[in-house]
1. Hey, what do the phi angles of region 31-44 turn into as Karplus ³J(HN,Hα) couplings, whole Hz, using 6.51/-1.76/1.60 and θ = phi - 60°, x for Gly and Pro?
2. For region 1-79, which GluC sites (Glu not before Pro) pass both filters: DSSP loop (anything but H, G, I, E, B) and at most 15 other C-beta atoms within 10 Å?
3. Take the Cα of Glu124, step 7 Å along the line toward its Cβ, and report every residue of region 75-117 whose backbone nitrogen sits under 14 Å from that point.
4. Can you list the trypsin sites (Lys or Arg not before Pro) in region 57-109 that are in a DSSP coil and have 15 or fewer other beta carbons within 10 angstrom?
5. Say a site is exposed when it is one of the chymotrypsin sites (Phe, Trp or Tyr not before Pro), sits in a DSSP loop, and has at most 16 other Cβ atoms within 10 Å; what is then the longest site-free stretch of the chain?
6. With each label point set 7 Å from Cα along the Cα-Cβ vector, what nm distance links Gln5 and Glu100?
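Each value in this text was obtained by applying a stated rule to the coordinates, not by laboratory testing. What you see is a predicted model; the values in this text were computed from it and never measured. Cβ coordinates were reconstructed from backbone atoms using ideal geometry, including for glycine residues, and neighbour counts include every protein chain displayed.
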Amino acid sequence: MMDIQELKLGNLIKISPRENEEGILFLTEIQHSSIIGEMLVPRQGYHFRIKFDEIQPLELREDWLIFLGFNKSPDENNVWIDSKNFIHFKLSPFESGFMEEGKVAVAIDSIHQLQNVYLALTGEELKADNC
């Protein structure tokens, strides 16, 4: 089960309410024993309430980095740059995270962690334009 203390409004998370059912939510409210989010996949715009034990971290993937405004670096393999050309993020099967001086300085395992650390580093939320 995910650590609920890590979640912030605006985070993207994966839900799995039943076996073989998954969705991606934009977190809009955190309540005592559940969260409310706006679904992005599969039924965009649908508001959904889900229990904490049905929440999972959303895995790091290229399509989610693009969705959040990152672009692949033309110079460095596996490196992505935010829309302000400020943050460099390495995405690889072996090690992912924010980079400083050519090395991963802050390891990141999921999209909500990426969003939260980006906020801590820049003071700005990392979210898609349509969220």
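1. 10, 4, 10, 7, 10, 10, x, 9, 6, 9, 9, x, 10, 4
2. On the way: sites: Glu6, Glu19, Glu21, Glu22, Glu29, Glu38, Glu54, Glu59, Glu62, Glu76; in loops: Glu19, Glu21, Glu22, Glu76.
Answer by residue number: Glu19, Glu21, Glu22, Glu76.
3. Residues 81-88 fall inside that zone.
4. Arg61, Lys84
5. 1-45
6. Going from the Gln5 label point to the Glu100 one covers 2.4 nm.
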